[in-house]
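Undergrad: For reference, the structure I am asking about is given below.
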Amino acid sequence: MPRLPRYDRQSPGVRCINFLCAVLLTLVLVTAIIFFVMWLSLRPHRPKFALTDFDVQYANRQSGLANLPMRFSVNEHNPNSKIGIHYEAIYASVYYNDQLIASGPAGNGPFFEVPKGSTAVQGSLTATGPTPSDAAWPRFAGELSAGSVAMRLVLSSTVRFQVKIWDTRVHHMKVECDFKIGGDGTLQHQQRDNNSGCAVYF
C-alpha cells in the first residue's frame with residue numbers, strides 16, 4: 001500500500017518570523033509610497049528670471065564703451081508654494097558676441113526668497129569694451145547705429161532649497177538672458193514690455 005506524502009507543520013517560531021517579515025516588508029512599502037508622494041508634492045521647481053531693464057549710458061560715443069556704467073534689473077520669482085530658496089552672492093557678466101565686456105557682483109548679496117515671492121536683482125557694472133581697437137568694434141558700431149545690438153547677461157550663484165527646517169544640498173545655478181539694446185543704449189521697448197524670460201540652468 002503506497003504511503004501518503006508527509007507534510008510537516010511549521011513551528012510557531014518559524015511562523016512568527018514569517019509574519020514579522022511580512023509586516024516589516026509592508027511597512028517598508030507603505031513608507032516608500034508615502035515618501036514618494038511627498039517628494040512629488042514638494043519637488044522644487046526652478047526659480048524664474050526675467051530681464052526688466054538694462055542701459056548703457058553714452059553707448060553711442062565714438063571712443064567705445066570702456067569705463068561706461070552698465071545697469072541692469074532682473075526680476076527673480078520663486079514659483080514654489082511651500083519651498084523657499086537661499087541665494088548666495090550673485091555674480092553678473094555681460095557678453096557681446098561671446099566677448100566679455102563687463103563683470104562683477106550684483107548688488108543684492110546673499111538673500112532668502114520666500115515661497116511665491118519675487119525680488120529685483122539689480123547691479124551696476126563697469127564696461128571694458130568694445131572699443132575702436134577691438135576686432136568686434138566695426139560690427140558693434142554698425143549695429144548700434146542701426147538701433148539693435150544683441151547682448152547676453154549671465155548671472156551665476158549657488159542656491160539651496162528649503163522645505164520648512166530642511167535644506168537641500170547646494171546647487172550651482174546659471175541664468176542666461178539674451179536681449180537687445182537700441183541706439184541709445186537702453187533695453188529695446190518690446191523686450192521691456194514683455195519682461196524677457198531668461199534660461200535657468202542647474
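The values are calculated or read from the model by the stated rules, or taken from the named source; none is laboratory data. As the structure is a computational prediction, the values presented were derived from the model and not from experiment. Backbone-built Cβ (ideal geometry, glycine too); neighbour counts: all protein chains shown. Areas reflect the complete protein model, heavy atoms only, side chains present, ligands, DNA and RNA absent. Shrake-Rupley method; radii C 1.70, N 1.55, O 1.52, S 1.80 Å.
Undergrad: Please work out if Glu176 is modelled with pLDDT of 95 or more and not in a strand (DSSP E or B).
TA: no
Undergrad: For Ser41, are the conditions met, namely being modelled with pLDDT under 95 and of a type in the set (Ser, Thr, Tyr)?
TA: yes
Undergrad: Only one residue in Asn108, Asn78 is at pLDDT below 95 and under 17 Å from Val200 (Cβ atoms). Which one?
TA: After applying the criteria, what remains is Asn108.
Undergrad: Is it the case that Ala135 is surrounded by fewer than 16 Cβ atoms within 10 Å (Cβ to Cβ) and outside any helix (DSSP H, G or I)?
TA: Here the answer is yes, as Ala135 does meet what is asked.
Undergrad: Hey, among Ser103, Ser124, which residue is over 16 Å from Arg160 (Cα atoms), in contact with a Ser or Thr (Cβ under 7 Å, 6 or more places away or on another chain) and small (Gly, Ala, Ser)?
TA: Ser103
Undergrad: Also: If we keep just the residues of the range 173-190 that are farther than 30 Å from Pro110 by Cβ and among the polar types (S, T, N, Q), which is most open to solvent (accessible area, probe 1.4 Å)?
TA: Only one residue tops the list, namely Gln190.
Undergrad: Select, from Leu153, Leu125, Leu100, Leu144, the only residue that is open to solvent by 70 Å² or more (accessible area, probe 1.4 Å) and either outside any loop (DSSP other than H, G, I, E, B) or at pLDDT 95 or above (or both).
TA: Result of the check over Leu153, Leu125, Leu100, Leu144: Leu100.
Undergrad: For the range 76-97, which positions are open to solvent by 10 Å² or more (accessible area, probe 1.4 Å) and in a strand (DSSP E or B)?
TA: His77, His86, Tyr91, Ser93, Tyr95, listed by residue number.
Undergrad: For the range 161-168, indicate whether the set of residues that are of a type outside the set (Lys, Arg) and at pLDDT 95 or above is non-empty.
TA: no
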